[in-house]
């Protein structure tokens, strides 16, 4: 190899290694900082009790309202978004809506994906005012669903697009209908990618503060109905970090730590499921 | 036994003509080999016979293909029924993303084959059906102890015989095979060829191949295509010993390939 090509090889290797190190370092850094600042305030009552003294300012009790609230919000929104995103992703196959319509749909989804979540929040708020609904668990779920659909649908769409055409052709060649082909072949083959889509959307949903700022409201209690206002972890972090009281600020990091733990656990579970689902995948 | 007649068939992709005015009557219960140089339209002709061509975009087909006298390109034709009667074996044997058992049971399930409902035994009937077709494809002994494993784990030669079992399981009358041994090692290819010879008792088999020796070994009847034209078609013995056309002579002698 001549020296120029040799240098090229080395340069690229250095670039790649540096980029990879940065990726790992950022996760490690985030966990480290959040843990260092929040671990001291993290205790059992933080997780199982609701705040004492109102608006997290009492320095006592916990953030169970926000933990349960976030789980309610994101579970509801993930289920709704899944029910809408899967048909969208499957419809984008060329045997359904055709290339041109699919390209337009993808553009629409990508624009929605890029739309800042505060805009979703403002939009949801306007609609809710118009309909006379107050900030509630239901409002939060609906806005989060809208926020999650583009991510979930596009990720699923990419998974569906990766299904080899020859594989579908096999099913069609046996006389399978479009639905039979889609359910028996496309869905199964794309299942790990579909799981990834759900997780991506879940991650954005559970971490988003802006979209539910106006639409989900706030409460110190755990909601008992869909029409009750609901607290959430990202807003618990936001409100507590914004106070001038050091003890409350430390509790913000504890809340962030819990949020981070949920995201990590859900990702690991999803990986495990995706790995199990990939048993039958044809490569 | 379904009888296939092709009349004035023209196929083009966009503005590119691929097949020009094909007229052909397929003899029943024989192995018919479609041969010719790459890009001459062999696979297109094959896929026109169960309308797999429909899956391609901007493909246009004129003329007619009669299956027992009924034009399969008639808008009233039920394509799923057509494809059940005219099965297809692909070049690369993609297994469906499911277990070995389910791969073979898939066809009978979607077509609700009478054997399944009539047997009364449900699961038991399905099991014996799967066994029957795996035996017919010469694969049973190799997979009988691992029917629940993913089909993707089979070797490519086994996958091709699984694909054969899958085609047979929908009880077709005609089998279309698109270079079915081209991805296989010689031993697996031999196994598939042997199955074909056994199967022609009951099926019409139409085989696309670019291997002249395979056509000589297997075929009873030869269809020779060149650049989208049907040059010559006749019984294999006559085709190889006394070809009429200059292009055929050149192809057989290896001057063009």
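Taking the listed residues A:235, A:272, the one that is farther than 30 Å from residue A:164 by Cβ and either more than 14 Å from chain B (Cβ to nearest Cβ) or surrounded by 18 or more Cβ atoms within 10 Å (Cβ to Cβ) (or both) is A:235, with no other qualifying. For the range B:49-71, a tally of residues being more than 9 Å from chain A (Cβ to nearest Cβ), in a loop (DSSP other than H, G, I, E, B) and surrounded by fewer than 20 Cβ atoms within 10 Å (Cβ to Cβ) returns 5.
Of the residues in the range A:178-206, how many are over 17 Å from residue B:166 (Cβ atoms) and within 14 Å of another protein chain (Cβ to nearest Cβ)?
Going through the range A:178-206 one residue at a time, the tally reaches 11.
So is residue A:134 under 30 Å from residue B:43 (Cα atoms) and either under 22 Å from the mean Cα position of the chain (by Cα) or surrounded by fewer than 15 Cβ atoms within 10 Å (Cβ to Cβ) (or both) or not? No, not satisfied. Of the helices (runs of 4 or more DSSP H) lying entirely inside the range B:93-205, the ones with 3 or more residues being surrounded by fewer than 21 Cβ atoms within 10 Å (Cβ to Cβ) are found at B:100-111, B:114-118, B:123-136, B:140-143, B:186-199.
Scanning the range B:34-43 turns up at least one residue that is surrounded by 15 or more Cβ atoms within 10 Å (Cβ to Cβ), over 21 Å from residue B:13 (Cβ atoms), touching a helix residue (DSSP H, G or I) at 6+ places or on another chain (Cβ under 9 Å) and away from chain A (no Cβ under 14 Å).
Where a number appears in this text, it was derived from the coordinates with a stated rule and is not lab data. This structure is a prediction, so every number in the text was calculated from the model and none was measured. We place every Cβ from the backbone using ideal geometry, glycine too, and count neighbours over all the protein chains shown.
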